[in-house]
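Let me begin by presenting the structure, written as structure tokens, before commenting on it.
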Amino acid sequence: MKFSFQKYLQVMNKVSLIIFREYLTRVKKKSFIIATFLGPILMGAVMFLPTYFALNTQGNQSFQVIDESGLMGAVFVSDDEVSYEYISTNLDVAKSDLLESDVDGLIYIPDFELNEPQGFALYGASNQSISTLSSIENTLELHIESLRLLASGLDKEVIDSFEAHIDLNTINLSNSGGEQESSSGAATIIGYIASFMIYMFVFIYGAMCMRGVIEEKSSRIVEIVLSSVKPFELMMGKVIGIAMVGLTQFVLWILLTAGISMLISVFMSPEALEMGAANSEMSSEADMMATALSALGGINMTLVLSAFLFYFIGGYLLYGALFAAIGSASDSDADAQQFMVPVTAPLIISIISLSLVLQDPHGSVSFWMSIIPFTSPIIMMMRIPFGVAPWELILSMFMLILGFLFTLWIAGRIYRVGILMHGTKVNWKILAKWFMTSD
Amino acid sequence: MDLIKIDHISKAYSGHQALSDISLTIPDKSIFGLLGPNGAGKTTLIRIITKIIQQDQGKVFLNKEEITYDLVRKIGYLPEERGLYKKMKVGEQLIYLSQLKGLSRTEAVKRIKIWLEKLDLKSWWNKNVEDLSKGMAQKVQFIATVVHEPKLLILDEPFSGFDPVNADLIKNEILELRDKGATIIFSTHRMESVEELCDNIALINQSKKILDGSVKQIKEEHKQGQYIIDYTGTLPTKESFDVLNQTDLEGDLKRAHIKFHEASKPNDLIAQLIGSVQLFAFSEKIPTINEIFISKVSPSHE
């Protein structure tokens, strides 16, 4: 066939019309707008709320202490947050008084044996938070330990002088001879987030693609459109249009999340600083955050983000094409179910295998799953934060491109026949026959 | 001149012959009716012409050139299975479909406005398609088919879903398009519309072409020497004709439907009658396409 540039332009023009329609109708939908704005707000809430509650529930608690052993006098010291009051009433009286007072809890220290400390209890009208429990346990344990040390003739201060504290800095060596501080914790978190987002995006937008095809088919618009464009052009227009919807949502999420978390950090910081000074436990958490943040610098975020975009688009095209083919073979969402399981199985297997990959990000299972196109988008995103050799990345990307060209080709052949078939009970054999049908 | 030539087309679906060896010619600037009962193969033939499905054998020529995908895209095609994007607005949707046919946006808007006015849909520009009645949606689909002013229009069952008033409206639009120089092919299993509209027809039954030609010529060929006469008196009992039925009109006047055994000129027939009866009216009974259709496809004929 003779190549004509003008004809090429006409086809491109039509495909871009289709892309544009698919894009606009979806972006204008209320559900898209809500999801786009709610996503980052939810993410922000996930970041914000635990800190918020941590800051607020701790304040102004009061406890009573009954010390029957006589060993724990002045162990609990009141401060700004928690006040302790030693009382010498009978336990039963104290318990019944507790319900009528606004004291949060009653710490009961029995007359215990140093060797066998048992019978401690915390009474309260409501459940105590885990951090309260652990702080009380800590205080008791520490004091009992030093009592035991004293009993065995050792001085607590001498023991303290032996104590050492070490932070292990993990440093990645790169070929260029540079050293980078890294944190496998941060890499794990980033890998998980990226992998899950790829999984969700491919699933959500793949299913969107499928429903779009089913809608066109069941509303019988498809033959009208096919009098103007080829089936493959219609399919590509839809697949690409929906990919752009996904990209738009992703970019908006990043921008909005960044904006919201910036707002939150500005809003939170004075309080957080204050807390840090007041509470040593909080400041150690802040230390951890700082370490994690500096470790983030060690992970190549530009690489992570651009790889994310690539694997999102590649993975979506690969699965989106298959979803479109499923849609073309189905008259309703229910019809599509029988084909969904095998098609989405590699996606689900990838997600399940993440923990395996995590144990050994450079092992052979990780390697092969990040090369095979059906699993590579999710698995590779888990591996990249841990560092992947450039040749592996290039091979994986190349395979993914081959992969989606392959599925687009297969899907196109099924789609062109399926889209015009109504009321046929479709199974795998029929799909294969459609695929083999000559043009 | 012939616009379309269909040359020995055959098509089988799994275990079922949809079309066997169909050959047809469709003249330029005329209306061509593709008739046949449900499941005869009309839609299959149309889908082959529009290259939506592929024939097993045979060729389709448009203007003496074998039809290609690029030629098909210029056709105005109203499929039998037709619908619209439910969530799209009427105007927006028509613009989209016109642009796919190659119109610029401004040109599309201009023409669509004219058409919506013509078909009483002017106030529906901004309404969602799902709010339209079935008839209105059909009109919108019709507009989408003709808005790019194609030289060739293929309408598969264009009148299904229309009430008589709207069917008439569409009928007149089709005639107008023909007068402006378009060639129109339409399929139907309802014969009423055929006689007023079609210049030529082809009759398909059980995948085979049974007859084709101009409406006039087909009717001429299917005359069976039947006449309707109004008379007074008693018909002669001659063997040259049969009385198919007889009814009493007012007074002595009677009407009879008679059939002559041999083809003869009307005057010879009258000569046989006037000896015995007083003749008030004499007309030849020309078969309707419907009657020809039924006589051809009814099982007794085979």
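A short reminder: the numbers here are calculations on the coordinates, not readings from a lab. Bear in mind the structure is a predicted one, so any value in this text is a computation, not a measurement. So basically every Cβ, Gly included, is an ideal-geometry build from the backbone, and we count neighbours across all protein chains shown.
Cβ-to-Cβ counts within 10 Å put A:Phe37, A:Phe308 in ascending order as A:Phe37, A:Phe308, the fewest first.
Can you give the charge dipole size of the protein assembly as shown about its Cα centre, rounded to the nearest 20 debye, using +1 on the beta carbon of Lys and Arg and -1 on the beta carbon of Asp and Glu?
On the way: 63 positive and 82 negative charges, 1317 e Å.
The dipole of the protein assembly as shown has a size of about 6320 debye.
Counting only Cα atoms, the size of chain B along its three principal axes is 75, 46, 35 Å, in decreasing order. A Gaussian network model of chain B, with springs between Cα atoms under 10 Å, assigns the largest mean-square fluctuation among B:Gln217, B:Gln138, B:Gln272 to B:Gln272.
Just to confirm my numbers, what's the Cα centroid distance between the range A:317-341 and the range B:21-56 in Å? Between the Cα centre of the range A:317-341 and that of the range B:21-56, the gap is 32 Å.
Taking the Cβ of A:Gly73 as the centre, find all other residues whose Cβ is under 15 Å away and add up their charges (Lys, Arg: +1; Asp, Glu: -1). Walk me through the intermediate numbers first.
Numbers: positive: none; negative: A:Asp67, A:Glu68, A:Glu85, A:Asp111.
After counting each charged neighbour, the total is -4.
Using alpha carbon centroids, what distance separates the range B:77-144 and the range A:364-381, in Å? Comparing the Cα centres of the range B:77-144 and the range A:364-381, I get a distance of 48 Å.
In this label model, B:Glu196 and A:Ala151 are separated by 11.2 nm, measuring between points 7 Å along each Cα→Cβ vector. For the range A:61-159, list log₁₀ I(q)/I(0) at each q in 0.10, 0.12, 0.24 Å⁻¹, using the Debye formula over Cα point scatterers of equal strength and ignoring solvent, two decimals each. Cα-only, vacuum Debye calculation for the range A:61-159: -0.29, -0.41, -1.39. Comparing B:Ile154, B:Ile52, B:Ile95 in a Gaussian network model of chain B, where Cα atoms under 10 Å apart are tied by springs, the biggest mean-square fluctuation is seen for B:Ile52.
The relative contact order of chain B comes to 20 percent, based on Cα pairs under 8 Å that sit 6 or more residues apart. In the calculated pair-distance distribution of the range B:224-285, the portion above 17 angstrom amounts to 28 percent of the Cα-Cα pairs.
A:Met12 to A:Ile254: extension gain in nm, 0.36 nm per residue of separation minus the Cα-Cα distance?
Numbers: separation 242, 0.36 × 242 = 87.12 nm, distance 3.08 nm.
Working it through step by step, the gained length comes to 84.0 nm.
Toward the positive end of the charge dipole of the protein assembly as shown, with +1 on the Cβ of Lys and Arg and -1 on the Cβ of Asp and Glu, the farthest Cα among A:Phe32, A:Leu303, B:Thr247 is that of B:Thr247. The mean of 1/r over all distinct Cα pairs in the protein assembly as shown, once inverted, gives the Kirkwood hydrodynamic radius of 33.7 Å.
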